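Below is one structure, written out as structure tokens; the observations come after it.
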Amino acid sequence: MKQQRTLIYFTSIIVMLCFNVSLNAQNDSIPEPTKVNDSLKFKDKYGLRVGVDIAKLARTFASDEYSGFEITADYRLKKNLYIAGEIGIEEKTDENSYLNITTQGTYIKAGIDYNMYENWLNMDNMIYSGFRLGLSSFNHTLNNFTTYSTNQYWAPQFSSNQAQEFDGLTAVWLEVIIGMKAELFNNFYLGLNVQLRGKVTDTEPDNFTNIYIPGFGKTFDSAGIGAGFGYSISYRIPLYKK
């Protein structure tokens, strides 16, 4: 009887060992599932974007009283943040019943743009807002003028056709800009923007006032407020992706 119990005990142990070996062999034969990465990675383009203001070029060809040229540029710092600026030259003649004056000079503007538009995959468009600090160096040529007299009946109007030069004039202003840039082709962009400007300081000639400031525009009766718009076509020089 004792021998039968011992035989049954060892038989049970052998059966359990065989079952474990078979189970382990089955587990080893089952391949591990392949890990699938379900996320897509898209790299944004970073580089220097350079262009020209085609609105100023069109105005130059269309008007005999204006000529101007402006280069625009921006550089992407972060996903939605750009440093941006413009540099240009303008010449404009203003004429009314009492004076004829020509203003010419250069200007530079620098600031930042922030892209508020969330692009779809593989798109690179902008709807942005930003600000600029502007600086202009210019001069006036007073071609002719007539002094207004309150006594129109008795006193004759004083007129002068002798040109007067006012050199070494400067102006500083702050500017808020809102615009958009659309990628037409790979790295080619078409842009549109509007600007509202507030004059900080300017130098004025003696017995005269600045009517037009290059880069700032008309001063609207010396109120210190200016406005403008621009159309640009630009190309981004791709430097790297991130």
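Any idea which of (1) open to solvent by 60 Å² or more (accessible area, probe 1.4 Å); (2) modelled with pLDDT of 95 or more; (3) out of contact with any Gly (no Cβ under 7 Å at 6 or more places or on another chain); (4) hydrophobic (A, V, I, L, M, F, W, C) is the one residue 182 doesn't satisfy?
Failed condition: (1).
Applying the selection to the range 41-62, what residues are small (Gly, Ala, Ser) and open to solvent by less than 40 Å² (accessible area, probe 1.4 Å)? Show your work before the answer.
Within the range 41-62, the first condition is being small (Gly, Ala, Ser), and the residues that meet it are 47, 51, 55, 58, 62.
Residues satisfying the conditions are 47, 51, 55.
Could you list, in sequence order, all residues of the range 87-125 that are of a type in the set (A, V, I, L, M, F, W, C), part of a strand (DSSP E or B) and in contact (Cβ under 8 Å) with a residue 60 or more places away in the chain? Outline the logic, then answer.
Pass one, the range 87-125, residues of a type in the set (A, V, I, L, M, F, W, C): 87, 89, 99, 101, 108, 110, 112, 116, 120-121, 123.
Among the residues that remain, those that are also part of a strand (DSSP E or B) are: 87, 89, 99, 101, 108, 110, 112.
Hits for the range 87-125 are 89, 101, 108.
What tally of residues in the range 84-98 results from selecting those that are crowded, with 17+ Cβ neighbours inside 10 Å and over 29 Å from residue 48 (Cα atoms)?
Summing the residues that are crowded, with 17+ Cβ neighbours inside 10 Å and over 29 Å from residue 48 (Cα atoms) in the range 84-98 gives 2.
Is it the case, given these coordinates, that residue 23 is more than 30 Å from residue 213 (Cα to Cα), at pLDDT 90 or above and open to solvent by 70 Å² or more (accessible area, probe 1.4 Å)? Even if it seems obvious, please write down each step before you answer.
Working: more than 30 Å from residue 213 (Cα to Cα): yes; at pLDDT 90 or above: no; open to solvent by 70 Å² or more (accessible area, probe 1.4 Å): yes.
Answer is no for this residue.
For the range 204-232, how many residues meet the condition of being open to solvent by less than 80 Å² (accessible area, probe 1.4 Å) and either of a type in the set (Asp, Glu) or touching a residue at least 12 places away in the same chain (Cβ under 8 Å) (or both)? Working first, answer last.
Initial filter on the range 204-232 (open to solvent by less than 80 Å² (accessible area, probe 1.4 Å)): 205, 208-217, 219, 222-224, 226-228, 230, 232.
Among the residues that remain, those that are also either of a type in the set (Asp, Glu) or touching a residue at least 12 places away in the same chain (Cβ under 8 Å) (or both) are: 205, 208-217, 219, 222, 224, 226-228, 230, 232.
So the answer is 19.
With of a type in the set (A, V, I, L, M), in a helix (DSSP H, G or I), touching a residue at least 40 places away in the same chain (Cβ under 8 Å) and touching a strand residue (DSSP E or B) at 6+ places or on another chain (Cβ under 8 Å) as the only criterion, which of 84, 55 stands out? Spell out the reasoning first.
Values: 84 fails: in a helix (DSSP H, G or I).
When all the criteria are applied, what remains is 55.
Go through the range 63-83 and count every residue that is open to solvent by 60 Å² or more (accessible area, probe 1.4 Å) and at pLDDT 95 or above.
Just the residues of the range 63-83 that are open to solvent by 60 Å² or more (accessible area, probe 1.4 Å), to begin with: 64-65, 69, 71, 75, 77-79, 83.
Pick out the ones that are also at pLDDT 95 or above and you get 69, 71, 75, 83.
So the answer is 4.
Given the criteria at pLDDT 90 or above and either within 27 Å of residue 95 (Cα to Cα) or of a type in the set (S, T, N, Q) (or both), does residue 229 qualify? Don't jump to the end; show me each part of the working.
Working: at pLDDT 90 or above: yes; either within 27 Å of residue 95 (Cα to Cα) or of a type in the set (S, T, N, Q) (or both): yes.
Yes, satisfied.
The values are calculated or read from the model by the stated rules, or taken from the named source; none is laboratory data. Only a predicted model underlies this, so the values are computations on that prediction, with no experimental measurement involved. All Cβ positions, even for glycine, are placed from backbone atoms using ideal geometry, and neighbour counts span all protein chains on display. Ligands, DNA and RNA are excluded from the accessible area calculation, which covers all protein heavy atoms including side chains. Shrake-Rupley method; radii C 1.70, N 1.55, O 1.52, S 1.80 Å.
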